[in-house]
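Student: Before I ask anything, here is the structure I am working with.
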Amino acid sequence: MKKKYSYIGISFIILIFGIYVVPKVVKKFQKSDLVTFNKVPDFEFINQKGNTITNKNFEGKVYVVEFFFTTCPSICPIMNQKMIAVQKEFYGNPNFGIASFSITPDIDTPEVLNQYRKEHNITSSNWQMLTGKSQDSVFDLSNKGFKLYAGDGDEKDGGFEHSGLFALIDKEGNIRSRRDAHGNPIMYYRALEESGFPDQITALKEDIKILLNE
């Protein structure tokens, strides 16, 4: 009789284990409902330490991409304030990174980028500030690779223009995003408040967490 009860007890434990554990295991291997876009193209740039950084350095990581320049007098300081909030949220997480591409490589040398980091409280070792060999290479990556506009602009904007959007990249190197209230993919996340629309930094942080758990 005792043996029979022990079998019942074991069966009960297995049942409870299945109820609580199996759904979590299944969920871990399910993809989220975030929309998947194109893969990020191959790139090779130099970071603030003078080291070569490519897209392979971000393999298996979730990361956020922005295009900026250190002498930008308008939107860049605001964008990087927002990115600082993202840095703080995921500080020390080895599976998360940030890539900030300068669109003025002639000005933004590794030394300039390193000084910019110090002046703007950029302290994460997983936040790469990147400069290219030529402006054309950065414009190609921005305009053709990410479909985020970058080009010449008015003097009041520092002589250049670029998007005020952040791109979210998953562990497999794909651009990802959530859908808006109407079910349309947003593709990128607004770093700025525009025409009455709030920024999307809270949404960005939520979706980073989703991708980290995929």
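The values are calculated or read from the model by the stated rules, or taken from the named source; none is laboratory data. Since we're looking at a predicted model, the values are computed, not measured. Here the Cβ is made from the backbone with ideal geometry for all residues, glycine too, and neighbour counts use every protein chain on show. Heads up: the accessible areas ignore ligands, DNA and RNA and are worked out on the full protein's heavy atoms, side chains in. Shrake-Rupley method; radii C 1.70, N 1.55, O 1.52, S 1.80 Å.
Student: Counting only residues 5 or more places away or on other chains, whose amide H sits under 5 Å from the amide H of ILE103 once H atoms are built in the peptide plane?
Tutor: PHE68, PHE69
Student: Oh, and also: Placing unit charges on C-beta atoms (Lys and Arg positive, Asp and Glu negative, everything else neutral), compute the dipole magnitude of region 61-196 about its Cα centre in debye, rounded to 20.
Tutor: So the dipole magnitude of region 61-196 works out to roughly 680 debye.
Student: For an R0 of 22 angstrom, estimate the FRET efficiency from the Cβ-Cβ distance between LYS49 and THR123 and round to the nearest 0.05.
Tutor: 0.95
Student: Give me a comma-separated list of calculated 3J(HN,Hα) values for region 89-100, in order, Karplus coefficients 6.51, -1.76, 1.60 applied at θ = phi - 60°, integers in Hz, x for any Gly or Pro.
Tutor: Calculated HN-Hα couplings, in order: 5, 10, 4, x, 7, x, 9, 10, x, 9, 10, 10 Hz.
Student: Tell me which residues come under 5 Å, amide H to amide H, from TRP127 once H is placed; ignore anything under 5 positions away on its chain.
Tutor: When sequence neighbours closer than 5 places are left aside, the close amide H contacts are ILE98.
Student: Still on this model: Restricting to DSSP loop positions (anything but H, G, I, E, B) with no more than 16 other Cβ atoms inside 10 Å of their own Cβ, which trypsin sites (Lys or Arg not before Pro) remain in region 182-214?
Tutor: Taking region 182-214 and a limit of 16 other Cβ atoms within 10 Å, no loop trypsin sites (Lys or Arg not before Pro) are found.
Student: Return the sequence-ordered ³J(HN,Hα) values of region 197-210 in whole Hz as given by the Karplus equation 6.51 cos²θ - 1.76 cosθ + 1.60 applied to θ = phi - 60°, using x for Gly and Pro.
Tutor: 8, x, 5, 10, 5, 4, 4, 4, 5, 4, 6, 4, 4, 4
Student: Do the alpha carbons of any pairs in LYS118/LYS147; LYS88/LYS144; LYS133/LYS209; LYS118/LYS144; LYS82/LYS209; LYS61/LYS88 sit beyond 26 Å of each other, and which pairs?
Tutor: LYS118/LYS147; LYS88/LYS144; LYS133/LYS209; LYS118/LYS144
Student: A follow-up question, please. Given a 1.4 angstrom probe, I'd like the percentage of the accessible area of region 53-189 that is carbon and sulfur, rounded to a whole number.
Tutor: Looking at region 53-189 in its full context, I get 49 percent from C and S.
Student: Also: Under a crude label model (7 Å from the Cα following the beta-carbon direction), how far is ALA181 from ASN143 in nanometres?
Tutor: The modelled label-to-label distance comes out at 3.5 nm.
Student: Tell me, what is the per residue accessible area of region 67-200 in Å², probe radius 1.4 Å?
Tutor: 48 Å²
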